[in-house]
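The values are calculated or read from the model by the stated rules, or taken from the named source; none is laboratory data. Computed from a predicted model, the values in this text were never measured in an experiment. Please note: Cβ atoms are built from the backbone with ideal geometry, for glycine as well, and neighbour counts cover all protein chains shown. Heavy atoms of the whole protein, side chains included, go into the accessibility calculation; ligands, DNA and RNA do not. Shrake-Rupley method; radii C 1.70, N 1.55, O 1.52, S 1.80 Å.
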Amino acid sequence: MRLLANSLPAFLLLAVAGCAQQPTAAPPVSRTPSRTQNPIGFDSNDYPGDDALPALRRHFAFAGYWLTNPPGEHQNSWRGKRDVLLRNDFGFLVLANGKFDAEIKKAKRSGITAAALGKKDADAAVAAAQREHFPARTIIFLDQEEGGRLNADQSTYLLAWTEAVAHSGYLPGVYASGQPVDDSPGKTITTVQDIREQVAARHLHEIAFWVYQDACPPANGCSMQPPPLASSGTPDVAAWQYAQSPRRKEITRACAKTYAPDGNCYAPDLPKIMLDLSVAGSPDPSHGR
């Protein structure tokens, strides 16, 4: 789902969901998943189209489903597509776009606190989930693009969002980095670890996690034979995004050949659809059916 901004410092990792650019290269060879592995799914900024769903369903059990405009987009092509995905027997990873640190600070300068902004965005995500007819207790994942330890504004925004969703009849989740980064001399931190520590310290509602960690290893690249969910390096997660489009070159050298020459991951049999790949413990990780 994401693109690392190489210009950022190590403690601030960016990954931007499924690019809107058009692919130019053929897909790498992919293998049909075994029946014994955990279910795998795909996500992308752009809805792949109704006609592509039967072919995608041959390989994937679930799909990432945007409730709001994906990062960098001005419209949401997933809107209104829940029913057709259901008819094609897909499960869901339901997600809503979060705010970058710069956006939170900009709102503060205009008089909107980080907490108020988090609640406002949560209310919008809940309203969208209701419009899309997702049932109560569906897990909605907040797309937290910036990684490493969150600063005070980011934490306030994120936890205001998750608490508001927890009081809505839906369940809060967060899509966040499981990539360890330097935190202090001799120590590392992941975003998921940071959030979990804050939730425990403040006695807040439990959060489900969809972790992104595409470094090879533990990830194995653009493969239909995903690594075991437990190998992500982050325990007790609902899903693990193990391949991103485009690949992050500095951490995927060991699995570079699994990606297409242009660095993207493409759907088997659908060479024009670039995807991110996730493995989960359920064919419907958000329980959104």
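Given the condition over 21 Å from Asp153 (Cβ atoms), in contact (Cβ under 8 Å) with a residue 40 or more places away in the chain and buried (at least 18 other Cβ atoms within 10 Å of the Cβ), answer yes or no: does some residue in the range 181-194 qualify? Within the range 181-194 (the criterion being over 21 Å from Asp153 (Cβ atoms), in contact (Cβ under 8 Å) with a residue 40 or more places away in the chain and buried (at least 18 other Cβ atoms within 10 Å of the Cβ)), the answer is no, since none of the residues qualifies. When residues in the range 108-122 are screened for being open to solvent by 70 Å² or more (accessible area, probe 1.4 Å) and either assigned to a helix (DSSP H, G or I) or touching a residue at least 40 places away in the same chain (Cβ under 8 Å) (or both), 5 of them pass. For residues that are open to solvent by 20 Å² or more (accessible area, probe 1.4 Å) and out of contact with any strand residue (DSSP E or B) (no Cβ under 6 Å at 6 or more places or on another chain), scanning just the range 219-245, find the one that is nearest to His59 (Cα to Cα). Once the filter is applied, the top-ranked residue is Gln225.
To keep it simple, each residue is scored yes or no on (1) of a type in the set (A, V, I, L, M, F, W, C); (2) under 22 Å from Gly148 (Cα atoms); (3) touching a Phe, Trp or Tyr at 6+ places or on another chain (Cβ under 6 Å).
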position: Pro217; (1), (2), (3): no, yes, no
position: Cys255; (1), (2), (3): yes, no, no
position: Asp262; (1), (2), (3): no, no, no
position: Leu275; (1), (2), (3): yes, no, yes
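Exactly one residue out of Ala125, Ala164, Ala129 is in a helix (DSSP H, G or I) and in contact (Cβ under 8 Å) with a residue 60 or more places away in the chain, and it is Ala129.
Looking at the range 136-155, is at least one residue assigned to a loop (DSSP other than H, G, I, E, B), in contact (Cβ under 8 Å) with a residue 24 or more places away in the chain, within 23 Å of Asp43 (Cα to Cα) and of a type in the set (A, V, I, L, M, F, W, C)? Scanning the range 136-155 turns up at least one residue that is assigned to a loop (DSSP other than H, G, I, E, B), in contact (Cβ under 8 Å) with a residue 24 or more places away in the chain, within 23 Å of Asp43 (Cα to Cα) and of a type in the set (A, V, I, L, M, F, W, C).
Restricting to the range 77-107, count the residues that are over 26 Å from Thr156 (Cβ atoms) and either in contact with a Lys or Arg (Cβ under 8 Å, 6 or more places away or on another chain) or in a loop (DSSP other than H, G, I, E, B) (or both). Within the range 77-107, residues that are over 26 Å from Thr156 (Cβ atoms) and either in contact with a Lys or Arg (Cβ under 8 Å, 6 or more places away or on another chain) or in a loop (DSSP other than H, G, I, E, B) (or both) number 11. When you scan the range 147-169, do you find a residue that is open to solvent by 10 Å² or more (accessible area, probe 1.4 Å), under 16 Å from the mean Cα position of the chain (by Cα) and under 26 Å from Tyr65 (Cβ atoms), even just one? There is no residue in the range 147-169 that is open to solvent by 10 Å² or more (accessible area, probe 1.4 Å), under 16 Å from the mean Cα position of the chain (by Cα) and under 26 Å from Tyr65 (Cβ atoms). Any residue at all in the range 133-144 that is more than 22 Å from Leu85 (Cα to Cα) and surrounded by 23 or more Cβ atoms within 10 Å (Cβ to Cβ)? Within the range 133-144, one or more residues are more than 22 Å from Leu85 (Cα to Cα) and surrounded by 23 or more Cβ atoms within 10 Å (Cβ to Cβ).
Answer yes if at least one residue in the range 207-218 is crowded, with 24+ Cβ neighbours inside 10 Å, of a type in the set (Gly, Ala, Ser), modelled with pLDDT of 95 or more and part of a loop (DSSP other than H, G, I, E, B), and no otherwise. Scanning the range 207-218, I find no residue that is crowded, with 24+ Cβ neighbours inside 10 Å, of a type in the set (Gly, Ala, Ser), modelled with pLDDT of 95 or more and part of a loop (DSSP other than H, G, I, E, B), so the answer is no. Of everything in the range 171-186, what is of a type in the set (Val, Ile, Thr) and closer than 17 Å to Gly64 by Cβ? Give them in sequence order. Of everything in the range 171-186, just one residue is of a type in the set (Val, Ile, Thr) and closer than 17 Å to Gly64 by Cβ, namely Val174.
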